[in-house]
2 protein chains.
Amino acid sequence: MNASFILKGQICHTPTAGRLEIHENAYAVCGEGVCRGVFAEIPDCFRGLRVIDCGDRLILPGMTDLHIHAPQFAYRGTGMDYELMDWLRKVAFPEEIRYADAAYAAAAYEIFASRLRLSATTRAVIFATVHTEATLLLMDQMERSGIVSLVGRVSMDRNAPTELAEPGAAEAALAEERFITEAARRGYRRTGPIITPRFVPSCTRELMAALGDLRRKFALPVQSHLSENPGEVSWVAELEPEAAFYGDAYDRSGLFGREGNTVMAHCVYSAPEEVRRMLDNGVWVAHCPSSNMNIASGIAPVRRYLEKGLRVGLGTDVAGGTCESMFRAVTDAIQVSKLYWRYVDQSAKPIAFPEAFWMATKGGGSFFGRVGAFEEGYAFDALVLDDASEKDVLPQSVRNRLERAFYLGLDRTGIVHKFVSGEQVF
Amino acid sequence: MNASFILKGQICHTPTAGRLEIHENAYAVCGEGVCRGVFAEIPDCFRGLRVIDCGDRLILPGMTDLHIHAPQFAYRGTGMDYELMDWLRKVAFPEEIRYADAAYAAAAYEIFASRLRLSATTRAVIFATVHTEATLLLMDQMERSGIVSLVGRVSMDRNAPTELAEPGAAEAALAEERFITEAARRGYRRTGPIITPRFVPSCTRELMAALGDLRRKFALPVQSHLSENPGEVSWVAELEPEAAFYGDAYDRSGLFGREGNTVMAHCVYSAPEEVRRMLDNGVWVAHCPSSNMNIASGIAPVRRYLEKGLRVGLGTDVAGGTCESMFRAVTDAIQVSKLYWRYVDQSAKPIAFPEAFWMATKGGGSFFGRVGAFEEGYAFDALVLDDASEKDVLPQSVRNRLERAFYLGLDRTGIVHKFVSGEQVF
């Protein structure tokens, strides 16, 4: 079903971290869902392809949201005055408990998936809840949305409300395996499961070991939370005294990169050994600046991570994060990096727009393989953005229009076409 | 022209700092442009008035933007990777120089005024440029926008590009007086001039003294910048060794409260004596969190200011700030206060939503008198907000819908009616 065609317009992408390439009035060629390159003129071998002329509009790679909680979407932008533990107890957990009701889940997830479909996101790594039926409903919805996603049935067996806790590690493993095989049976083209321990404080070693076994058995990716705030980091040290550091508790169960893709959200307070291990194991960081502000966690040292060559992408982390906008995640990442520079480390240069753009596209996209730039062999994930709502007294450069589109959040109203692997979502 | 009518709907305001009052399905009465109170049932004495039934929509006080640069609107959301001095030299000043051309100014200010008209802002304190003709054109535009505003012709006579510098203090005083008298001659109903030294580094003592004389002569308010970043604060100490602190340099020229209203933008690094003087003189702080992030200035200690009883409102500070949205200013103020708590002072409790809402309405509104709440005798500035774009799986409380509207920036598309002193702007 992958179409072949050519998009013509103002093409902007970051094949290299931090280097924005702009090709004005250029042609991005899609062959069977895969990018064949960007050209100033259409090469002879592509002459027969249909050209979609986007005029003066901006053409960008689709964005990868490395961390978002689908069952928290219903209360995004509310309860922001709570502190983390209060927020979990009073807002997050009561809402997640509702997903035991499949009818509620279907209604809520339909809103979630339809909003994500309209967003700048073309790929997403998603937390659901512990409920198998609801999580499969979410996967059905995501499959229909046109977005490529990995969806996790969330595992917890301690420090969690009874309604959301697995009864034990063995039962949890059985439930998770049922979920994985049922997801496989449904034959999704764009949607897959991902092993999802919520975070160390809510998972016993037995549960982690069982999840590690399933990860290996089914060769699945892993997502979780890591070193989000100081209180949590100390709590993990108490709960898991044998682990050398927080991330080591995942690594001991085979849930921290090495053989398969793993993404860890936050990493605000990762110790040097943890960063070293992430580098060695090839773990992705999902940097979630909005959530880290809203929940008062702090600011992740992203400049350091980029310098060390860590894999870094962005997550909206709804509903710790404000909303599903990846454009907002990009500018939030820049803004908090300036405060990090000011208050934490004046040798950590603020993140520049091309770097944040790269994180939202190729940085996070790499979790899905060759994704996030208009390079040959990359999946053809593209957004066509109309910024005509912004009237200019003098013509602005494409570079300025691009930056402005992000700062003004024009992804909310300005995306006129969206393609995932060459398929037109709308 | 002030109408009398009643708005019915979900009325939200903060008569007291930090205490959000919500009156569901209630009536806000406007009599000749002035609020007569909020009632659960229409009192007999108002029975004859026309009722505008807003149904389930939210009704809020209009917002006061205490600090915005009109000539920077054209490049909002661009050039954000520059540092402050580079940004001024490469982006801000070259654009301001264009306003010598009245045709350019007319075109650019029309875009500015039309966007402000559609925003949540009902009152604004505005920087223009040094150009008298362009500034009067801006005032004409603002008068037509329906928004109440104070507009400043910006004075500089040192450390500024020649094109934007006054030739000398005496000439500057003459030019400023011509501007003030011409503004008066135009007989605006909603628009007035405000004395506007750009900031101490760009104003000699002679210029400041001349502006102080004009302030007294015409009994005008004053706006400027204060203690925005550490480098600027040290520079002022060098330039004005006789001043006890930055703000004292304004005070010595009669430009720092006492007899007339003065608002100072930023106050990120105000020394204790400066804060004391502001308190004594009744100076307003225009807190501009977005700009303070974008230009990497830091975070103003707003919790301390509120505790001390300083007058605090919010400014968008376009184009140091990202955009003209006061909803965004509200949530930015909350977010940065959490990082302030985390990184600067854990005894400074983060700003809660009702406090930021108050700053955007009654806190800043007080610069214009009895403005910013639906209290008897207050100007009837009101927004009617439709949040139906956000679909809910279960009905949300009015409190949650209000908070969400701010976090999601629904002021951009959701404001369906706007009133200023009872006059319907749209």
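Between copies, the label points of B:Glu177, set 7 Å from Cα on the Cα→Cβ line, lie 9.3 nm apart, reported in increasing order to one decimal in nanometres. Rounded to the nearest whole Hz, the Karplus-based 3J(HN,Hα) values (6.51 cos²θ - 1.76 cosθ + 1.60, θ = phi - 60°) of the range A:23-30 follow the sequence 10, 7, 6, 10, 10, 9, 9, 10, with x at glycine and proline.
Tally the DSSP beta bridges in chain B and give the antiparallel ones as a percent, rounded to 5. Walk me through the numbers on the way to the answer.
Details: 25 of 59 bridges.
Bridges in chain B are about 40 percent antiparallel.
For an R0 of 22 angstrom, estimate the FRET efficiency from the Cβ-Cβ distance between B:Lys391 and A:Ser389 and round to the nearest 0.05. Spell out each step's value before the answer.
On the way: r = 23 Å, r/R0 = 1.04.
It comes to 0.45.
Across identical copies of the chain, A:Glu375 has label-point separations of 6.1 nm, listed in ascending order, with the point defined 7 angstrom from Cα along Cα→Cβ. Ranking A:Tyr188, A:Asn261, A:Ala170 by how far each Cα lies toward the positive end of the dipole of the range A:141-270 (charges on Cβ) leaves A:Tyr188 at the top.
How high is the relative contact order of chain A, in percent, with contacts defined as C-alpha pairs under 8 Å that are six or more residues apart?
It comes to 21 percent, rounded to a whole number.
Rounded to a whole number of µm²/s, how large is the Stokes-Einstein D of the range B:1-134 at 37 °C and 0.692 mPa s, given Rh as the Kirkwood radius over C-alpha pairs? It comes out at roughly 181 µm²/s.
From the Kirkwood radius over Cα pairs of the range B:320-397, Stokes-Einstein at 37 °C and 0.692 mPa s returns a whole-number translational diffusion coefficient of 220 µm²/s. Within chain B, helices built from complete DSSP H runs that reach 18 Å or longer along their own axis (Cα positions) and carry a mean Kyte-Doolittle hydropathy of -1.0 or higher are B:102-118, B:132-145, B:169-185, B:205-218, B:326-343. Diffusion coefficient (Stokes-Einstein, Kirkwood radius over C-alpha pairs, 25 °C, 0.890 mPa s) for the range A:1-77: 170 µm²/s, rounded to a whole number. Only alpha carbons enter this Debye calculation for the protein assembly as shown, each as an equal point scatterer, and the log10 of I(q)/I(0) it gives at q = 0.07, 0.10 Å⁻¹ is -0.55, -1.09.
Helical runs (DSSP H, four residues minimum) scored at -39500 (n - 2.57) apiece and divided by the length of chain A put the mean residue ellipticity at 222 nm at -10000 deg cm²/dmol.
Measuring from the axis that maps chain B onto chain A, the chain B residue with the nearest beta carbon and its rounded distance in angstrom come out as B:Tyr343, 2.
For A:288-298, what's the mean count of beta carbons from other chains sitting within 10 Å of each residue's beta carbon?
Numbers: counts 0, 1, 3, 0, 4, 11, 5, 1, 8, 3, 4.
Mean shielding by partner chains, rounded to a whole number: 4.
Please list the three semi-axes, largest first and in whole Å, of the ellipsoid equivalent to the range B:141-274, using sqrt of 5 times the eigenvalues of its alpha carbon gyration tensor.
Working: eigenvalues 129, 56, 37 Å².
After scaling each eigenvalue by five and taking roots: 25, 17, 14 Å.
Using the Karplus relation 6.51 cos²θ - 1.76 cosθ + 1.60 with θ = phi - 60°, the per-residue 3J(HN,Hα) values for the range A:349-364 come to 4, x, 6, 8, 3, x, 6, 5, 4, 4, 4, 6, 10, 6, x, x Hz, with x marking Gly and Pro. Chain A contacts chain B over a buried accessible area of about 4700 Å², both sides summed; the probe is 1.4 Å and only protein chains count.
Gain on full extension, evaluated as 0.36 nm per residue between B:Ala103 and B:Leu118 minus their Cα-Cα distance, stands at 3.1 nm.
If you average the sequence gap of Cα pairs under 8 Å that are 6 or more apart and divide by the length of the range B:196-258, what percent do you get for the contact order?
42
Using heavy atoms of the protein chains and a probe of 1.4 Å, the accessible area assigned to B:Lys391 is about 130 Å². Only Cα sites of the range B:107-146 enter the Debye sum here, all with the same form factor; the resulting log10 I(q)/I(0) across q = 0.23, 0.32 1/Å is -0.72, -1.24, listed in q order. Shown is the FRET efficiency for B:Glu273 and A:Ile42, computed with R0 = 51 Å from the Cβ-Cβ distance and rounded to the nearest 0.05: 0.15. Within the set of other residues whose C-beta is less than 10 Å from the C-beta of A:Ala249, count the net charge using Lys and Arg as +1 and Asp and Glu as -1. My count for the surroundings of A:Ala249 gives -2.
A full extension of the chain between A:Arg158 and A:Arg216 corresponds to an added length of 18.5 nm, given 0.36 nm per residue minus the alpha carbon distance. Note on A:Lys308 and B:Arg178: the model spin-label points, each 7 Å out from Cα along the C-beta direction, lie 6.3 nm apart.
Put a plus charge on the Cβ of each Lys and Arg, a minus charge on the Cβ of each Asp and Glu, and nothing anywhere else: the dipole of the protein assembly as shown about its Cα centre is then about 700 debye.
Put simply, the amide H of A:Ile52, placed in the peptide plane, has neighbours under 5 Å in A:Ile6, A:Leu7, A:Lys8, leaving out anything fewer than 5 places away on its chain. The accessible surface of the range A:186-299, taken with every protein chain in place and a 1.4 Å probe, is 51 percent carbon and sulfur.
Can you bin the range A:76-191 into rounded, prolate or oblate? Criterion: square roots of the alpha carbon gyration tensor eigenvalues sorted a ≥ b ≥ c, rounded for a/c under 1.5, prolate for a/b above b/c, oblate for the rest. Intermediate values should be presented prior to the final figure.
Working: a/c = 2.05, a/b = 1.11, b/c = 1.84.
The shape class here is oblate.
Between A:Glu242 and A:Glu32, the simple spin-label model (points 7 angstrom out along Cα→Cβ) gives 5.0 nm. Label point of A:Asn25 (7 Å along Cα→beta-carbon): distances to the other copies' equivalent points are 6.1 nm, sorted ascending. The apolar share of the surface of the range A:53-122, taken as the fraction of accessible area on carbon and sulfur atoms (1.4 Å probe, ligands and nucleic acids excluded), comes to 52 percent.
Size of the dipole of the range B:1-149 about the Cα centre, Lys and Arg at +1 and Asp and Glu at -1 on the beta carbon, nothing else charged, in debye to 20?
On the way: 14 positive and 18 negative charges, 50 e Å.
Once rounded to the nearest 20, the dipole reads 240 debye.
When only the Cβ of Lys, Arg, Asp and Glu is charged (+1, +1, -1, -1), the dipole of the range A:300-426 relative to its Cα centre reaches about 480 debye.
Over chain A, the ratio between the Cα radius of gyration and 2.2 N^0.38 Å evaluates to 0.95. Cα extents for the range B:211-357 along the principal axes, largest to smallest and rounded to whole angstrom: 41, 30, 28. For a straight C-alpha distance cut-off of 16 angstrom, the lysines reachable from B:Lys349 (same-chain residues fewer than eight places away being disregarded) are B:Lys308, B:Lys338.
Hey, what did the range A:303-426 get for relative contact order, percent, Cα under 8 Å, at least 6 apart? Display every interim value, and only then the final one.
Values: 151 pairs, mean separation 29.4, N = 124.
So the answer I get is 24 percent.
Taking every protein chain into account, the accessible area of chain A amounts to 33 square angstrom per residue (probe 1.4 Å). What the Cα atoms of the range B:169-233 give is an Rg and a Dmax of 13.2, 42 Å.
How high is the FRET efficiency from B:Arg189 to B:Arg50, r the C-beta distance, R0 22 Å, rounded to 0.05? Mind dumping the intermediate values first?
On the way: r = 23 Å, r/R0 = 1.04.
Efficiency for this residue pair is about 0.45.
Residues of the range A:371-401 that bury at least 20 Å² of accessible area once all protein chains are present, compared with their chain alone (1.4 Å probe, heavy atoms only, ligands and nucleic acids left out), are A:Glu390, A:Lys391, A:Val393, A:Leu394, A:Gln396, A:Asn400.
The values are calculated or read from the model by the stated rules, or taken from the named source; none is laboratory data. Because the structure is a prediction, the values reported are computed rather than measured. Because the Cβ atoms are built from the backbone with ideal geometry, glycine has one as well, and the counts that use them run over all protein chains shown. In case anyone asks, the SASA skips ligands and DNA or RNA and just uses the protein heavy atoms, side chains included. Shrake-Rupley method; radii C 1.70, N 1.55, O 1.52, S 1.80 Å.
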